[in-house]
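Chemist: I have a structure here, written as structure tokens, and I will follow up with some questions on it.
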Amino acid sequence: MRSRLHIYGLLAEFDQPDRLLHAARTAHKAGYKRMDGYAPFPIHGLAAALGLRSSRLPLIVLAGGIVGCFGGFFMQWFANVVHYPMNIGGRPFNSWPAFIIITFETTILCAGLAAVLGMLALNGLPQPYHPLFNVAHFELASRTHFFLCIEAIDKKFDLTQTAEFLKSLNPTNITIVPAGRLQKPVETATGHATPARLPMILLCCGMLGLLVGCEHPADNELFKMDDHGRLMPMEPSEVFADGTSARPLVEGTVARGDLRLDPHLFTGKVDGKAAETFPFPITRARLERGRQQYQINCAHCHNDTGDGDGMIVRRGFTRPPSYHEDRLRTAPVGHFYDVITNGWGAMYSHNDKVSVEDRWAIAAYIRVLQFSQNADMNALSPEDQNQLAAAIAAPTTAASAGSTTAPAAGGAH
Ligand code: HEC
């Protein structure tokens, strides 16, 4: 019994894959269970011949996936319903369709991790050492020879009987594999020298040394390859007296493209007074652009028609004046440019959101809106006049017809 503890197993060596296959089959039939075959290449049918059961890995992966799925969903449910409920666009807190993507991701993540870790665990890896390395000859398992090892923990294992049994399988060699770690591998009859590993290890270490070669002593600025002196934004610098690396503009200079010579265009003022005219011709394309920008930047407060009843105002924001009151209808266009640029009372400035050209385009579009709400009946084409007269005659449809046709008519001008 004692001797069994110091033996890992019995190793039989074969020179043909078929012999190994035959040996594995016979051993399995003879009732041996704890054994393994070793070959330089995959041998079809060897796993079945050894009686290996299919791996439990799929089950582990499934378990990982289920844990990830429920864990991911629970995490989001807990965060959104229990811990930090937040009203997002009026959705219910437990808005599960929004959780699907992250749940999917955590499922894949946990299943993947379970696959890798489960594979390592089932294989008993990492295993830098194995008792079979005690047999010097065993190196041939990755080159030319085929091995069958019956392990000592097998219930049927008995040193003499199992050795007899292996002999009956006609191996080229049988070796007892010691269990502990030996200083020097057991040499078998044929004997093979271990390839010199030390020089290889030394070479690898030497090459690792090359990696640190980029760093040089700090006093040799010229050769500091790991730090080429570039400053990150906001990084302090010792070069300048104020200690910052960012430099202010030199006084009296203008950055390229920032020259603002034309006060009409850039301030909306002519001779200090709000401009009455546009700084460039207003075309149909500009009006279209103005409408688009107005709807993006202004309509949520000033409403589509400019009456000041936008959806934010309906929810409590200060009500802006209507563009259709007389004061604003007669206000110079430069005033609108100025309000957009600098803000006005409760209205904040839009100069960071709307470009100079777009501000003028919006001002022009406001003129269109104003015209649309105050147009002279006689300025309309005869068809439009007829349509309008018909709408007025039928009061029930007048309201909807009026609200849809008015801006369209305005846009056409
Ligand atoms: C967040 C809501 C909001 C947005 C967005 C907004 N405004 Fe206003 N606007 C206001 C309010 C409120 C006032 C009234 C301010 C006051 O009198 O204190 C106002 C006033 C005005 C006035 C009238 C100034 C005067 O002389 O009384 C004009 C013109 C104007 N806005 C144009 C615009 C344009 C053009 C845009 C889009 C670029 C815009 N606003 C975007 C809320 C807004």
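Each reported figure results from applying straightforward, stated rules to the coordinates on display, with no laboratory input. These numbers were taken from a predicted model, which means no experiment stands behind them. All Cβ positions, even for glycine, are placed from backbone atoms using ideal geometry, and neighbour counts span all protein chains on display.
Chemist: Quick one: order VAL339, VAL81, VAL313 by neighbouring beta-carbon count within 10 Å, fewest to most.
Modeler: Ranking VAL339, VAL81, VAL313 by Cβ neighbours within 10 Å, fewest first, gives VAL81, VAL313, VAL339.
Chemist: Quote to one decimal, in nm, the extra length available between PHE371 and PHE133 on full extension: 0.36 nm per residue of separation minus the C-alpha distance between them.
Modeler: Taking PHE371 through PHE133 to full extension adds about 76.2 nm, to one decimal.
Chemist: Let me ask something else about it. Around LEU249, what is the net charge, scoring Lys/Arg as +1 and Asp/Glu as -1 over all other residues with Cβ under 13 Å from its Cβ?
Modeler: After counting each charged neighbour, the total is 0.
Chemist: Each label point is 7 Å from the Cα along the Cα-to-Cβ direction; what then is the distance between the points at MET234 and GLU288, in nm?
Modeler: 4.3 nm
Chemist: Of the listed peptides 361-368, 377-384, 321-328, what is their order by residue-averaged count of other C-beta atoms within 10 Å, with the highest listed first?
Modeler: Numbers: 361-368: 23.1, 377-384: 10.0, 321-328: 14.5.
Highest to lowest by the protection proxy: 361-368, 321-328, 377-384.
Chemist: Follow-up question, since we're still on this one. So, counting K/R as plus one and D/E as minus one, what does the shell of residues with Cβ under 13 Å around VAL368 add up to? Working shown, then result.
Modeler: Details: positive: ARG284, ARG286, ARG289, ARG291, ARG329, ARG367; negative: GLU288, ASP304.
Spelling it out: positives minus negatives among the neighbours equals +4.
Chemist: Okay, next question. In the chain, which helices (entire DSSP H runs) extend 24 Å or more along their own long axis, judged by Cα positions, while averaging at least -0.5 on the Kyte-Doolittle scale?
Modeler: Details: long enough: 57-77 (30 Å, 1.69); 100-123 (34 Å, 1.90); 356-373 (26 Å, 0.19); 395-412 (26 Å, 0.21).
Helices meeting the span and hydropathy rule in the chain are 57-77, 100-123, 356-373, 395-412.
Chemist: Compare the peptides 115-127, 348-360, 136-148 by average per-residue count of other Cβ atoms within 10 angstrom and give them in order, highest first.
Modeler: By packing density, highest mean first, the sequence is 136-148, 348-360, 115-127.
Chemist: Excluding ALA48 itself, calculate the net charge of residues whose Cβ lies under 13 Å from the Cβ of ALA48, where each Lys or Arg counts +1 and each Asp or Glu counts -1.
Modeler: It works out to a net charge of +3.
Chemist: Determine the relative contact order of the chain: mean sequence separation of Cα pairs under 8 Å and six or more apart, normalised by residue count, in whole percent. Don't skip to the answer; put the middle values down first.
Modeler: Numbers: 453 pairs, mean separation 62.8, N = 413.
Answer for the chain is 15 percent.
Chemist: Which order do the peptides 16-22, 233-239 come out in when sorted by mean C-beta neighbours inside 10 angstrom, highest first? All intermediate terms of the calculation are to be shown ahead of the outcome.
Modeler: Numbers: 16-22: 17.1, 233-239: 9.0.
Averaged packing, sorted descending, gives the order 16-22, 233-239.
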